[in-house]
Amino acid sequence: MKQWFKTMALAGSALALTGLALPAWADDDSLRIKNKIEEDFQYRDHVGLSKATTLGQSDLDKDFTPSGGMFDAVKIHAILRASYDATFQLNSGHFGNDAGGAISFNQNGIGAANQLPGSRTDAGPVAWGQGLNLRTLTDGLGTAGPGGPVVTFAPPGQHYVNTNFNMAGNPNQGLALLSGYSGEDRGIDMGVPVRPCDVDHRGCIKGYMDKNAQELAAPEFNKRLDFLREFYVDGSIPVGSNTLDLRLGRQQLVWGRTDLFRVLDVVNPIDYSRNNIYDENSDIRIPMGMLRADYRMGARGPFDDINVQGLWEFENFRPDDLGQAGSTNNPLQAADFFRGMKNCWDNGCTVNNFGAGGNLATNFAPGEIGIRTANIPHGLSHSTYGGKVEGELGGVGFSVNALSTYSQLPSLRGGIVSNDPFNSAAAPAIYPGVIAFDIAFPRVNLYGGSLDFNIEPIDTAIRIETAYTQGEEFANTARSRLFSESDVARYVIGADRNTFIRFLNPNRAFLFSAQMFGTHLMNYELHESPTGRYGMPDWQDNWVATLLIKAWYAHDTISPQLLAAHDFMARANTIEPSVDWQPSNLWRIKIGANMKFGAYKNAFDNDVGATPFAGMPGAAPTIAGGSSPPVALSAGQLAGLLPLGTFRTGILGMAHNESQLFASVALRF
Amino acid sequence: MRNKLLAAVAAAALCLGTAGLAQAADPVVEKSFYPYKDGVPTNPAIKVGMVINAANVDQAKDALDPAMYQMIKDGWVEIKVGPTTSFDLNKSYVDATEKSYKAVSLGDKPGDIKGYVAGRPFPQEPSLSDSHAGEKIAWNYKYGINYGDGGFIGPFYWTYRNMASGNIERVLKMNFSFLNFMHRVAVAPMPNIAPNPSEMYRGIYAKVLEPQDVADTQLLIHRYEDDTKLDSSWLYLGFQRRVRKLSTGQITDSFLGSDLMIEDFEGYNGKNSDMKWTFKGTRNILTSFYNHNQMELAEEHAEPDYKFVGLMGRGNCFPKVTYQLRKVFEVEAVPADPNHPISKRIMYFDAQTMYATRENIYDRAGKLWKTFIIGKSDPDFHLPINKGTGIAIDDEFSMIDVQAGHCTTGQFKAQMDPALAPASRFAVDGLRSGN
């Protein structure tokens, strides 16, 4: 918060300095105000109401014409936005104060013949907190309780000292199964607190995923003052026959030429909590405080148009908003997993199908596994900066882009000090392969470019975009810290064509817009062993295709469209038919459905095969006829959707259970 | 301030251009630019001040194009006849014609022209015996004086109307800018703006101001000197904040749901080589040329210094103006592309100004689909900035879809002020400045 004020103070100072450079100016026009009020509803099968948002937004613009001085023109622009999502009140059983409940896990079981001391070993339901107490395997301190051993999780930061379960601090209520959306498989599962953080603070990650009920329902009213969605000053300075345009303040900066998925359009983070990836990017980009300078040279040499842009983002870094456990949209279910893991670290937890070879629900004490903290870069020394050259050459539009920023998606870095769940006498240490993490947002450098051009014989406009990033981090069960760095090449080719389908509309063409996104991990690591597959769960190469077919009728007042996306490796699909109707300039009504289908359970090594602790029962994994991994690490013995299979399932597949109907009404004035 | 100074200089240049004697030494040029010097067209059935309506339209049939005849016959509109006046074009344009037209010739294939420098390339009277007469008129249109070396329309109201009910479905408020990068005759730099590496002849820029759902949409068109080269067109969608290169298919599709395609702008907004042009003859017909300040103007959208032309007739789809009996060249334009959404345009080019003031557009089945009226005002009876410019002012358009019973009307506030159309506005990156 303090840093935020510092940066805003800096921005204010810069504005003030800019102001000193300005002469007196005159109103060039009256204040222009555009207002929008929108009601947005979504309804999901099995869940019910998943959105009931009332949104108000005002766009304000004011132009000034300086009388003399360095500026040719000056403009102030602001967007104010406020919204309230009543879902958290109207469907509080799923998304609000009453969400979740008591949970139990269906463990695989190992059978009575393999009875472990003080634990239930048969297949079937095991309640939260009643899983296998690992200490009973080594310390013999387990205390039998009804239905199984009773364990107490130690307070955060303290070493494991006893075996009694402290249900008071981490009760079996307000929880949901991490697998809740997809159904349990034979892999691991966790309990996730799903109530707002002011109602249930368990698993909330300070400064990252810690929204209270008010912040979930009215997200603009937060510490970052998001109700001030955009606020900037534009100044235009003539430099000979060229123009230097400056923009200072909170703004969106759009790079690239593609829709839906991003390759170059990465300057601003994205708010996926609003409607996953399915809202217009301009509505869900998170505007950032930055200084942007565009030096526009017009036609020069062989270029019909050539321009240079530089940017410096001074507002504190913000990651993409991935929602929060218990909120309505959690892409990749990352927020659920993070909250469950954070609760594990802080308060202890039960993880299903973990112990005894991945067959028994297993209790962990605080500080043994989980997420310790999120390290979010802050301060001016962690700012984003970059630039681009963009122009037109011989009918081809091009850009060359470079950006030094921080990954807007989180990385889980293992290798932190944790406790040995098998040995209460062991000192806290860094145990290779242990699923104890800090969340990091690594510095990444992006180099890319884009092209657009027409292919006249086929009446098609082509868009190409590519980006090469250095410094991104990916989960990797073959590494002791369970992550590794990889350069990534991303690319997209898009084609837009207007085509008449005369029997459907003889007078207005349909827009066909197709895109193919590709991703290639340069430093990929995946091992196939007799025990299974382990390493990086992401696909080394994957492609997502999108298709938009849009039609217009009644002088563009009625516009049906079909949006489809297909993830080739995950084999997951989304299809979204909708109709937009504008009965007048004031009103806009939209109805549609967003349906997911196809595969949604891609399993991967869940690291349960790792044997990092000396006291663990069973032999270290051995691999016949090939190189063996370090004995502490997983060799892919056990796999499931959770948690790492989610990377293979992708953002389309992981929303499989979020098919929904939607309707919105907007009034603009 | 700088803009105002430029405007004053430009206006002065244009005024000086028209201050000379309204004549040319070359008889070919004289006949082309001053066709009414020895008298205006006459028709025994047409008298100044008369109103042509369903009752008397048959008498005036020879002075009307077929679509206008039918619309009057069907009672959609009544038109009042005004006196025919000479719309003398800017003298610098006439002088440029006189200086260079003799060296101009058509090339070997459609879209080729040789020896063109500036002005009207083919001022010679077209002849039915000349198989290239239609193409030459198309060149005269392409290199017409249009908006001079640079001009601006703002605001520009487009209203979508249901003809039967008269209901207004939608009103768009826009700005348009035009700039000639080559063959400039009146405003420095002349003849060309440099650098211009791709040899762009003309730029057209449009920005939507209202309503909100399409506000900030911007359209940019670059037309090249090489007529066989595809126009470059970009669309900036405000709600996406992204610049998109347009495919050619979008040029021949409805623009923002109106009854116009981008190709319809100004009468025809495409390459000459995209059409096969056939001269059909010279006629005297009633066209919407008038003096803006002498018309009955509308209170709607009125500004302190300007009122727009009013509308009347069925669905208020017709301009409330007087029509002049004027000499026109009738030309048929047939698309070279068999997939084009129309089968042909019948265009009536005003012989004196070479504006396409009347046009009938036929669907792929050959039936009349749309009819286009473009109202032109004498610049001396318009805004002060336009006085003396020698550029007929776009003042109103009506694009009527006779099949759907629908129209789009346009009400202009055109300003022949090059300072309002700076070259920077026609740069692609300028579209992104709103990002």
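The values are calculated or read from the model by the stated rules, or taken from the named source; none is laboratory data. Owing to the predicted nature of the structure, the values given are computational and were not obtained by experimental measurement. Neighbour counts are summed over all protein chains in view; Cβ atoms, including those assigned to glycine, are modelled from backbone coordinates with ideal geometry.
Observations
- Test: residue in region A:493-506 that is touching a residue at least 40 places away in the same chain (Cβ under 8 Å), within 26 Å of residue A:572 (Cα to Cα), more than 12 Å from chain B (Cβ to nearest Cβ) and under 24 Å from the mean Cα position of the chain (by Cα): no
- You will find that of A:519, A:574, the residue that is in the same structural domain as residue A:654 (by TED's automatic domain parsing), in a strand (DSSP E or B), under 21 Å from the mean Cα position of the chain (by Cα) and in contact (Cβ under 8 Å) with a residue 60 or more places away in the chain is A:574 and no other.
- Unmet requirement for residue A:257, which otherwise passes all of (1) in a loop (DSSP other than H, G, I, E, B); (2) more than 14 Å from chain B (Cβ to nearest Cβ): (2)
- The strands (runs of 3 or more DSSP E) found entirely in region B:192-303 that carry 1 or more residues being aromatic (Phe, Trp, Tyr), in contact with a strand residue (DSSP E or B) (Cβ under 8 Å, 6 or more places away or on another chain) and more than 10 Å from every other protein chain (Cβ to nearest Cβ) are B:200-210, B:232-237, B:275-287.
- Remark: residue A:318 falls outside the filter, which requires a residue to be within 29 Å of residue A:213 (Cα to Cα), touching a Gly at 6+ places or on another chain (Cβ under 8 Å) and either without any contact (Cβ under 8 Å) to a residue 24 or more places away in the chain or not assigned by TED's automatic domain parsing to the domain that holds residue A:230 (or both).
- Residue pairs whose Cβ atoms lie under 7 Å apart, sitting 6 or more positions apart in sequence or on different chains, and linking a residue in region A:77-94 that is under 17 Å from residue A:40 (Cβ atoms) to a partner that is assigned to a helix (DSSP H, G or I), are A:84/A:217; A:85/A:217; A:87/A:95; A:88/A:95; A:88/A:213; A:88/A:216; A:88/A:217.
- Sole exception among (1) at the interface with another protein chain (Cβ under 9 Å from one of its Cβ atoms); (2) surrounded by fewer than 22 Cβ atoms within 10 Å (Cβ to Cβ); (3) of a type in the set (A, V, I, L, M) for residue B:163, by number: (1)
- Screening the candidates A:231, A:165 for the property of being at pLDDT 95 or above and either within 14 Å of chain B (Cβ to nearest Cβ) or in contact with a Gly (Cβ under 6 Å, 6 or more places away or on another chain) (or both) yields one hit, A:231.
- Selection within region A:450-461 - surrounded by fewer than 20 Cβ atoms within 10 Å (Cβ to Cβ), more than 8 Å from every other protein chain (Cβ to nearest Cβ) and part of a strand (DSSP E or B): A:451, A:455
- Against the numbered list (1) at pLDDT below 95; (2) under 21 Å from the mean Cα position of the chain (by Cα), residue B:196 comes up short only at (2).
- Filtered by the rule that a residue be assigned to a loop (DSSP other than H, G, I, E, B) and of a type in the set (Gly, Ala, Ser), region B:304-335 gives B:310, B:313.
- Matching residues, region A:489-503, being closer than 29 Å to residue A:553 by Cα and basic (Lys, Arg): A:497, A:502
- Flag: residue A:376 does not match the condition of being within 29 Å of the chain's Cα centre (by Cα), buried (at least 20 other Cβ atoms within 10 Å of the Cβ), β-branched (Val, Ile, Thr) and over 27 Å from residue A:51 (Cα atoms).
- Region A:577-612, residues that are assigned to a loop (DSSP other than H, G, I, E, B) and acidic (Asp, Glu): A:607
- Region A:214-235: number of residues that are in contact with a Phe, Trp or Tyr (Cβ under 6 Å, 6 or more places away or on another chain) and either of a type in the set (Ser, Thr, Tyr) or within 30 Å of residue A:352 (Cα to Cα) (or both): 1
- The set of residues in region B:407-430 that are more than 10 Å from chain A (Cβ to nearest Cβ) and in a helix (DSSP H, G or I) comprises B:418, B:419, B:420, B:425.
- Meets criteria (among the small types (Gly, Ala, Ser), out of contact with any Leu (no Cβ under 9 Å at 6 or more places or on another chain), closer than 26 Å to residue B:30 by Cα and in contact (Cβ under 8 Å) with a residue 60 or more places away in the chain) for residue B:92: no
- Qualifying residue in region A:523-536 (condition: within 24 Å of residue A:263 (Cβ to Cβ) and either crowded, with 20+ Cβ neighbours inside 10 Å or not assigned by TED's automatic domain parsing to the domain that holds residue A:571 (or both)): yes
- For region A:530-548, the criterion of being among the small types (Gly, Ala, Ser), within 14 Å of another protein chain (Cβ to nearest Cβ) and touching a residue at least 24 places away in the same chain (Cβ under 8 Å) is met by no residue.
- The listed residues are A:253, A:260, A:264, and the only one of them that is closer than 24 Å to residue A:74 by Cα and in contact (Cβ under 8 Å) with a residue 40 or more places away in the chain turns out to be A:253.
- Identification of strands (runs of 3 or more DSSP E) wholly contained in region A:174-240 with 3 or more residues that are under 14 Å from residue A:343 (Cα atoms) yields A:175-177, A:189-193.
- Subset of region A:302-316 (residues that are assigned to a loop (DSSP other than H, G, I, E, B) and either facing another protein chain (nearest Cβ under 10 Å) or over 21 Å from residue A:289 (Cα atoms) (or both)): A:302, A:304
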